[in-house]
Amino acid sequence: MKDPYPIESLSKDQDETPSSNNKSILDYTRDIEKTGPTKIPPGYFSHPSEAAGQSNINNSMNGNLNLPGNGSDTSTPAKRPAPAERTFGGGNHSSVNPAGNPLITTPRSATPSASPNPNPRSPIPEPRSPNPEPLSGSPTFDFSDATLGDPDNPSSGANGFFSRIKGFFGKSSLDGGKDGGNRTKPGSKRIRILRNTLIITLIVFLAGSIGFGAFVWASTKDMPVWNPEVLDNLSYASVVYDSAGNQIAQLSSHENRLPFTYEDLPDTLIDTIIAVEDQRFYKHSGYDPLRIMKGAVNTVINPDKPEGGSTITTQLAKNTFIGAEDRTSGGIKGIQRKIQEIFLAMHIEREYTKEEILFTYLSQVYLGHGAYGVRSAAQVYFGKELDELTPPEIAMICGLPQAPDSYDPYLHADAAKKRRATVLYVMQEHGIITAANYEQHKEETFTFVEQVKSGEKVIKMGSSTSEKHYPYFVDYVVSCLSDPEQYNLTTDQIYKGGLHIYTTVDPRIQEEAEKAMKDPANFPGNAKDGAQVQGAMVMLENTTGNVVAIVGGRDYPEDQQLCFNRASEAKRQPGSCAKPVMVYAPALDKGGYFTGTVFDDCPTTFPGNYKPMNSGSFSGLITLREAIRRSVNVFAVKLYQDAGPEYCFNFAKNNMGLELETAHPDYLSNSLGSFEASPLEMARAYSAFPNQGMLNEVHCVTKITDNNGEIVLEPEHNGTRAMKESTAYIMCDLMIDVVQNGTGAKAVIPNWIVGGKTGTTDSDQYPGTPDVWFTGYTPLYTAAIWMGFDTSDKDHYLPSGTYGGDRPAQLWQKIMTKALEGKPRQSSFFARPDNVISVQFDAFSGMKPSSLTPRELVMTDLATPEGMPTQDSNIWMEGSGYFDWGRGWSDWSRWFGTTVYLNKDPAFWTVMERSPQKELRYKPPGESSNRGNNNNNNNNNNNNNNNRDWWRF
């Protein structure tokens, strides 16, 4: 039947103003609700668009559907729907008569279904049902026809299946229409709410599962690499022994662990740790879902005390594979760590038996106060071995893994006692102890802990105390073991390798050195602000280079694991201690110089306007022996310059082992010790003198073995020749003179031969001394001592008048005397080499004496063929008469006989005073008769002296 009011009949220029005489669409809707669906008469609507809507409604009632987008003209009847279509969402049924004509679609509530509105400008309100009927039953799916079906029949095959799905979800979900395009009863609405809730829950669950799976995958992406060797090779603290084989320390950066076997574990301890930490240990496969759920619930109930649901296996995985910095992480990172622990725990369970897992856990678990493993804990808290532990002691140990630092009885005795009581109660509940045992032990005191705190007892770690004896020496051992140029061991090998490290320390000497360094009487007073004058010393065995004692400071801070070691790490200016190494030994070894070489000790300006001064007066023409004995600065600079700065510098660096990191050969001040060196460097360099010129590598370890006694490392003691044996012998002879007759007199040891050199630095910024040194040796040992402030400034310096020959020499003498006790006395360092001979020379020229050389100036000293003088002295001439001495003409010959003048140039003539009461003295040209005044500086005279090749300038 043709639609009487097709949309095309409306003119665009038709009046669109509704008539007040006609009913509106709202009035019609009310009529429909009262009378039911009827065919709408023509002219019912006052507006053309409403008429179009009426037409569609009538068509719908008569089976003619004009739907936009279905390929039909609005005036042409729509294609009939397939038979037997059932819409689950609205509860409506569509059927056809035998002739194929569709019946009017009628809902159970007698409410018509609204057709889609072809005119969006005039929406048709959905009619309401005044008496909705509850929908009984639940919608079901029929999958029997879930095939592709007829494409022209939307109800058949897969098309029907998806149509049913669409009906189940409702039009509001899939078609986007309000309320699905159909009106439903209240019961149907509740069903829809329940249905949507289930759908949303399912979607959330699926999304959460996918998200959690992605999170787990991301967590395992950077999971620590599974390496069973980490578990197989348990770490144990390395042990350090002194030269006599006595244990002096146990190395552990944070882990004090002692080895034991599974058989050493008491049954009570095994049962208790399982009851407290993991009751389902023998039932789960690495992780316990029930324990995890319980931990999550308890965390929600009490967020201040979160529980992670860990098992013994997951704890082992965490302690072994998870980095220390990640073990306490929270939030997302903490959850990722837990996931990683579970996967690692499953790996462990596949590779090891339960007994192996438990043993490994009890071997490495941290139990507070620096103790790792139950055996170490037994020593730390009770001073016992595992088989000696009582039930309350076992309860104490088994209660520690939960919070080892919080339950440490040394620090928190009350909390430790409460925790022990809790574990004792668990032991009672599991039948490990009786109720009477629980009452008996729950209030026991920590006797051993109190004895340790009071000093009555010490903590034993195996056969020795955990207290680190000789801490500066042990620190030095650790630094050497990790040094790539020495032993090159890794940190894990040093601290966790279970090594047995046998060292060179002599406990008798080390203890005396530590005692002397702590004695305030051996040091100058503190600064005005109370800062303490510091000190350092190191002693080496000459023939081996072994370190027999080392002290890096006056006190060792108790709260530090490793302390700054001034003996090996502090770099300070050595002052005149540098002269034997930087100047005298290189010159003698080079040749052309000997103990009688003469230079003019007078005010001198060197290149770069360098003007060194002496600590005392200028001495004029003096020999090398006198210069080193009296520590004359100008002489040392002139010899350094004459022998060649580059040669001397390289000799000290390459031959004598000084590092000289910040120095340069052209610095003439190198000769006076302006570079920086540690006491260890200076001691090593000096040890070559009594060792016949051989320089040894410094050693503090004799051998290292593993836990099975196999040798891991055994250093070789190979020395290198630093200088000729003749040079070493002459240097020893010179420095014996320094101690016996010079600046080092306070280092004399009765009946022992001693050589050494003092060192003192000064500053232009304050009137004091930054550093004082004494470095010396006996036939057996060489030692260096330094004193000063860690940082020298205008408020921190040693008082004026403090010298290396004072307190450092005295302290050196005390420690060395103790070191030599019981040793056979030796009157020489080593036999005199054949090429070291005695020669006579002129003390004022350093040449062979001439007939005019005054007999008082003919001396005998040591030399080698390469350094002995070969020419006769030509500086003297004979004369008599009067000489202008600045006091008018005098006839000196009447009083002293023949006057001997210095030869060469009359401008430099100088009278020699030949007095039996005085040493023969030389009056420098141009200098006043007051020869001890350091301010009398004649640069012209100095320059002329430097041009006198016959005086070796």
- Task: Would you point out which residue out of P645, P580 is modelled with pLDDT of 95 or more, open to solvent by 10 Å² or more (accessible area, probe 1.4 Å) and not hydrophobic (A, V, I, L, M, F, W, C)?
- Result: P645
- Exactly one of (1) under 18 Å from A683 (Cα atoms); (2) under 39 Å from the mean Cα position of the chain (by Cα) is unmet by I753. Its number? (2)
- Task: Only helices (runs of 4 or more DSSP H) wholly contained in segment 344-410 count here; list those with 3 or more residues that are open to solvent by 10 Å² or more (accessible area, probe 1.4 Å) and more than 25 Å from F446 (Cβ to Cβ).
- Result: 354-364
- Query: Across segment 512-564, what is the total count of residues that are assigned to a helix (DSSP H, G or I) and surrounded by 15 or more Cβ atoms within 10 Å (Cβ to Cβ)?
  - Reply: 7
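Here is a yes/no grid of residues against (1) modelled with pLDDT under 95; (2) in a helix (DSSP H, G or I); (3) open to solvent by 10 Å² or more (accessible area, probe 1.4 Å); (4) among the aliphatic types (A, V, I, L, M):
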{"site": "G756", "(1), (2), (3), (4)": "no, no, no, no"}
{"site": "G759", "(1), (2), (3), (4)": "no, no, no, no"}
{"site": "S763", "(1), (2), (3), (4)": "yes, no, yes, no"}
{"site": "P767", "(1), (2), (3), (4)": "yes, no, yes, no"}
{"site": "A783", "(1), (2), (3), (4)": "no, no, no, yes"}
{"site": "T791", "(1), (2), (3), (4)": "yes, no, yes, no"}
{"site": "G801", "(1), (2), (3), (4)": "yes, no, yes, no"}
{"site": "L811", "(1), (2), (3), (4)": "no, yes, no, yes"}
{"site": "I815", "(1), (2), (3), (4)": "no, yes, no, yes"}
- Query: Across segment 565-577, what is the total count of residues that are within 17 Å of M517 (Cβ to Cβ) and open to solvent by less than 20 Å² (accessible area, probe 1.4 Å)?
  - Reply: 3
- Selection count, segment 670-686, where residues are outside any strand (DSSP E or B) and open to solvent by less than 10 Å² (accessible area, probe 1.4 Å): 10
- Task: Go through segment 597-626 and count every residue that is under 26 Å from R721 (Cβ atoms) and not polar (S, T, N, Q).
- Result: 2
- For residues that are within 19 Å of Y593 (Cβ to Cβ) and in contact with a strand residue (DSSP E or B) (Cβ under 6 Å, 6 or more places away or on another chain), scanning just segment 860-877, find the one that is surrounded by the fewest Cβ atoms within 10 Å (Cβ to Cβ). T860
- Please indicate, with yes or no, whether at least one residue in segment 698-719 is part of a helix (DSSP H, G or I) and open to solvent by 20 Å² or more (accessible area, probe 1.4 Å). no
- Note on the structure: Note on segment 427-452: residues in contact (Cβ under 8 Å) with a residue 40 or more places away in the chain and among the β-branched types (V, I, T) are I432, I433, V449, V452
- Task: Return the total of residues in segment 411-447 being open to solvent by 80 Å² or more (accessible area, probe 1.4 Å), assigned to a loop (DSSP other than H, G, I, E, B) and over 17 Å from F382 (Cα atoms).
- Result: 1
- Task: State which residue is modelled with the lowest pLDDT when the search covers only segment 769-781 and only residues that are over 15 Å from M735 (Cβ atoms) and crowded, with 21+ Cβ neighbours inside 10 Å.
- Result: T769
- Item | Residue list for segment 817-843, restricted to those being open to solvent by less than 50 Å² (accessible area, probe 1.4 Å) and among the small types (G, A, S) | A819, A843
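The values are calculated or read from the model by the stated rules, or taken from the named source; none is laboratory data. Please read these numbers as outputs of a predicted model, since none were measured by experiment. Because the Cβ atoms are built from the backbone with ideal geometry, glycine has one as well, and the counts that use them run over all protein chains shown. What goes into the accessible areas is simple: the full protein's heavy atoms, side chains included, and nothing from ligands, DNA or RNA. Shrake-Rupley method; radii C 1.70, N 1.55, O 1.52, S 1.80 Å.
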